[in-house]
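Encoded as structure tokens, the structure appears first; notes follow it.
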Amino acid sequence: MAEREEMTDSDRQPFLNDLANRRVEFERDPNFHQFLDDLCRISQLSRDEAEQASTSVLCLLDQHLRSGSARLPDAHIPDSVEKLLLACERPGEQPALVFDRDEFLATIADDLQCDEAVAEQRASQVFEALRRQMSHEEIVHFGRMLPARIQNIFF
């Protein structure tokens, strides 16, 4: 995976302000609360743990999809998913993030400080909660945007 460039302090403050504003909007969204409620029921995680798992999985996917490395060049992220990605960090242009299943799970495991088997379980649970927010057509469309080996976790 490509590494991120570090932001300078002068670059960081406007970014942090923007992220804080998006985070407030995100947390007010009833879809976000429904998504987290579903994730808590599916996973038996606390709300904080569910939010950490969803942030890790969804923001990693967001970075992949927005970097231009998604499988469909004209792909549109469904609105129901787009709303859940509002709080993800987006510090300027990101290099293309191409990852395979092992890198995807290793990154999540690192974020959540767990082993890869638990990371795969969390990713699967986040995807299940995400699918509950989407129509059948959106599920199929969004799933096709994912790398092939990650589709196995999504579907």
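Could you give the radius of gyration (one decimal) and Dmax (whole number) of the Cα atoms in region 98-149, in Å?
Answer for region 98-149, Rg first and Dmax second: 12.0, 34 Å.
Would you mind ranking Asp102, Asp38 by Cβ crowding within 10 Å, fewest neighbours first?
Asp102, Asp38
Read-outs throughout are calculated quantities, based only on the coordinates presented, and are distinct from any laboratory measurement. Keep in mind that what you see is a predicted model, and the values were worked out from it rather than measured. We place every Cβ from the backbone using ideal geometry, glycine too, and count neighbours over all the protein chains shown.
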